[in-house]
Amino acid sequence: MLKGKTVLLGVTGSIAAYKIASLASALKKLHADVHVLMTENATNFINPITFETLTGNKCLVDTFDRNFQYSVEHVSLAKKADVVMLAPASANVIGKIAHGIADDMLTTTIMACKCKKIVAPAMNTNMFENPIVQDNLKVLEHYNYEVISPAVGYLACGDTGAGKMPEPELLLEYILREIAREKDMKGLHVLVTAGPTQESVDPVRYITNHSTGKMGYAIAKVCMQRGADVTLVTGPTSIEKPHFVNVVPITTAREMFEEVTGRAEEQDIIIKAAAVADYRPRYVSDEKVKKKDDDLALEMERTDDILAYLGAHKTKDQFLCGFSMETENMLENSRKKLKKKNLDMIIANSLKMEGAGFGGNTNVVTVITEDFEKELGKLTKEETADRILDQILAQRGEV
């Protein structure tokens, strides 16, 4: 994913420094070229050899170290960098960078970088809340540094409050948002639906389907990484919610209808990947329906057809993409759905096809428009999302 990308990690003197080893390792597994710069104080918390082993690159501490290939090291690294993350960022180093002090390899290199710079403060709560530190962070934001809000919790010093460095997994998400994909969807507003709906029978039971939401979540994540402003309307799932996305949780088909249609007009692209119930119980019992010796029959009624409503009320230049999960006559049924619901594109797949269907990490879909039809083959769900979005942008004339 990050092949050809260079990431600089700046590590300062904080107990959280050891966590950056996990971040460096994760970036390396994604094929990034990772370089770690440390302050002298940081070497008291983690040995530079750890980072050199994980990244395969020399860990730089001393500005005047002559043990490298001939070049002005901080300048050459600054030119290569696609993103810089300063984590953990101590109050001392935050203050120095905010006021243009470059007195070691880390601060000198960051000063020479023109790429995106992300700062994750980590310190005692009282230090973090000190007005001077807060002013210094505002100075960094004024100069287009992105400051990550620290986590709140129990700190190494024994205090509880703001000041914890976010976990490496979240720091990685900030880096991926910046460099994982080209920003060819910047400025676009995209609404994605995902997951199942649940239709109550009584306070204990409900009717649902096997959707896990993985495909819709993958689309929302990839849209965000490509620069879009994304809203994800999602039914109940066990998947971690994607970062940097406006997540709107719903339970029933009626709730999804209201949330989607209420936001539809402001969207450039709507991608309906959710598996919405077609029917719901006409009557919902206030009490648990007790088991009896004879059979139970539920009277069902139709739910609102969200996709049909969107097709009938589509705004000018809005692109509407639906999904079609079939068990027979997949292409024929999907083409009919495309036309009947006034869609610009429909993504068809078969529950019976190996590598497709609910719950897995792969999918096999066919992209269908009025004048285009292509099976994408077996891909991961993120790869599938990328290919679908490529075709949507092509249909909109944006590539």
(message) When you scan the stretch 321-340, do you find a residue that is of a type in the set (Asp, Glu), closer than 22 Å to ALA218 by Cα and modelled with pLDDT of 95 or more, even just one?
(response) no
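If I ask for residues that are in contact with a helix residue (DSSP H, G or I) (Cβ under 6 Å, 6 or more places away or on another chain) and buried (at least 24 other Cβ atoms within 10 Å of the Cβ), which ones from the stretch 232-241 would you list?
Let us first name the residues in the stretch 232-241 that are in contact with a helix residue (DSSP H, G or I) (Cβ under 6 Å, 6 or more places away or on another chain), namely 232-233, 239.
Of everything in the stretch 232-241, those that are in contact with a helix residue (DSSP H, G or I) (Cβ under 6 Å, 6 or more places away or on another chain) and buried (at least 24 other Cβ atoms within 10 Å of the Cβ) turn out to be LEU232, VAL233.
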(request) Starting from the stretch 164-176, keep only residues that are basic (Lys, Arg), then list their pairs with residues that are crowded, with 19+ Cβ neighbours inside 10 Å and not in a helix (DSSP H, G or I) whose Cβ atoms are within a distance under 8 Å, requiring at least 6 positions of separation or different chains. (result) LYS164/ALA122; LYS164/PRO150; LYS164/LEU155
(message) Against the conditions (1) closer than 25 Å to VAL61 by Cα; (2) surrounded by fewer than 17 Cβ atoms within 10 Å (Cβ to Cβ); (3) of a type in the set (Phe, Trp, Tyr), where does TYR145 fall short? Just the number, please.
(response) (2)
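Considering each of PHE257, PHE244 in turn, give the residue that is among the hydrophobic types (A, V, I, L, M, F, W, C) and under 18 Å from GLU173 (Cα atoms).
Values: PHE257 fails: under 18 Å from GLU173 (Cα atoms).
Testing whether each residue is among the hydrophobic types (A, V, I, L, M, F, W, C) and under 18 Å from GLU173 (Cα atoms) leaves just PHE244.
In the set ARG181, ARG177, which member is assigned to a loop (DSSP other than H, G, I, E, B), out of contact with any Gly (no Cβ under 7 Å at 6 or more places or on another chain) and within 30 Å of GLN391 (Cα to Cα)?
Working: ARG177 fails: assigned to a loop (DSSP other than H, G, I, E, B).
Criteria check complete, one pass: ARG181.
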(message) Residues that are in the same structural domain as ALA16 (by TED's automatic domain parsing) and among the charged types (D, E, K, R): list the helices (runs of 4 or more DSSP H) wholly contained in the stretch 94-149 that include at least 2 such residues.
(response) 131-142
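Scan the stretch 156-177 for residues that are among the small types (Gly, Ala, Ser) and surrounded by fewer than 19 Cβ atoms within 10 Å (Cβ to Cβ) and jot them down. Give the steps one after another, and end with the answer.
Initially, the stretch 156-177 is screened for residues among the small types (Gly, Ala, Ser), giving 156, 158, 161-163.
Across the stretch 156-177, the qualifying residues are ALA156, GLY158, GLY161, ALA162.
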(request) Determine which single condition GLU383 fails, assuming it passes every other condition in (1) within 26 Å of LYS186 (Cα to Cα); (2) buried (at least 17 other Cβ atoms within 10 Å of the Cβ). (result) (2)
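How many of the residues making up the stretch 212-231 are closer than 18 Å to ALA277 by Cα and crowded, with 23+ Cβ neighbours inside 10 Å?
Residues that pass the stated criteria total 3.
Name the one entry in LYS241, LYS272 that is in the same structural domain as ILE306 (by TED's automatic domain parsing), in contact with a Gly (Cβ under 8 Å, 6 or more places away or on another chain) and not aliphatic (A, V, I, L, M). Step through it out loud before you land on a result.
Working: LYS241 fails: in contact with a Gly (Cβ under 8 Å, 6 or more places away or on another chain).
The match here is LYS272.
Considering the stretch 107-142 alone, what residues qualify as being of a type in the set (S, T, N, Q) and exposed (fewer than 15 other Cβ atoms within 10 Å of the Cβ)?
In the first step, residues of the stretch 107-142 are kept if they are of a type in the set (S, T, N, Q); the result is 107-109, 124-126, 130, 134, 136.
ASN126, ASN130, GLN134 - these are the residues of the stretch 107-142 that are of a type in the set (S, T, N, Q) and exposed (fewer than 15 other Cβ atoms within 10 Å of the Cβ).
The values are calculated or read from the model by the stated rules, or taken from the named source; none is laboratory data. What you are looking at is a predicted structure, and each value in this text was computed from that prediction instead of being measured. Reconstructed Cβ throughout: ideal geometry from the backbone, glycine too, with neighbour counts over all protein chains shown.
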